[in-house]
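For reference, the structure discussed in these notes is given below.
The values are calculated or read from the model by the stated rules, or taken from the named source; none is laboratory data. In this text, all values refer to a predicted model and were calculated from it rather than measured experimentally. Ideal geometry is used to build each Cβ from the backbone, glycine not excepted, and the neighbour counts take in all protein chains shown. To get the accessible areas, we keep the full protein, side chains included, count just its heavy atoms, and leave off ligands, DNA and RNA. Shrake-Rupley method; radii C 1.70, N 1.55, O 1.52, S 1.80 Å.
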Amino acid sequence: MRNLLINMILVFCVSPIMAQKDIIMKRDGSELQVRIIQMNSKYVVYNLESKHDKEDKQIDNRKIYMIKFQKRGNVFFTEQGDRFDGEGDGKVPKGSTVVYLKEGKEILVYDLSMDTNKISYKLSKKKKDSFKYTPKYQVFMIVYPDGTKDIISEFERPKEVQQKVQGPQVKPREEDKSQFVSRSEPTFNSGEAVILTEKNFVIKAVVTQEDENTISFYRKGFTKGPLYHIGKQHVKRIDYIKTNNKSKKRRK
């Protein structure tokens, strides 16, 4: 009887400690429950602490979206592998939905819904609270209360989009230079263009519409692919190669 009591005490005391593990969330949405051993500028060393696998392993920082530390909170990673502290402590209240933004942010929300362009939600259960809105292209993943994951915008992109700008940016061919319209002189054109985002991604696109706040486009060569919308605050430059407008007036 005494041994039984001792065993029960050990189970209740030890199990919670063993269950406390760090979580690596990859950029494809998958997770690893681990114990973090070491981090540096290139990779993270971890251990699964499994009876069948006790060896230390490592993962490239560029494959990680975030790490949920049990005692330190959240640490996010950029696409280049740089890490920074983010909002959230990893604790999710019952009944809440978790929204993860591509910029590296965890938001606990309620009454979430979405349409083709944006998601809407409340930050509390209070009925009087107003809805907040976030464009879908800024959302990486949504985790619902039942644990279901919904990848909204994937990080993996075609090579022509992943290309980073180095040295002179977005060099057009000599014969096309006269056709380019500088982003410093805004236009309301549509047509083939090269978009340089704030994160230095180069996107070869076919712009369907550009207004004062948003650029709508689909990727060149993928006319049957999805239509994307990007806010101009996330665009460094847009150069039109071909325009559908008969007149190419530059507005001051």
Given (1) at pLDDT 85 or above; (2) assigned to a loop (DSSP other than H, G, I, E, B), index of the condition ASP150 fails: (2)
Among (1) surrounded by 13 or more Cβ atoms within 10 Å (Cβ to Cβ); (2) out of contact with any strand residue (DSSP E or B) (no Cβ under 6 Å at 6 or more places or on another chain); (3) at pLDDT below 90; (4) not acidic (Asp, Glu) - the single one LYS21 does not satisfy: (2)
Identity of the residue in region 71-97, outside any loop (DSSP other than H, G, I, E, B) and surrounded by fewer than 17 Cβ atoms within 10 Å (Cβ to Cβ), that ends up modelled with the highest pLDDT: PHE84
Only one residue in TYR46, TYR100, TYR65 is in contact (Cβ under 8 Å) with a residue 12 or more places away in the chain, over 15 Å from ASP22 (Cα atoms) and open to solvent by less than 30 Å² (accessible area, probe 1.4 Å), so which one is that? TYR100
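Every residue, every condition in (1) in a strand (DSSP E or B); (2) modelled with pLDDT under 85; (3) within 30 Å of ASN200 (Cα to Cα), yes or no:
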site	(1), (2), (3)
CYS13	no, yes, no
PRO16	no, yes, no
ILE37	yes, no, no
ILE67	yes, no, yes
TYR100	yes, no, yes
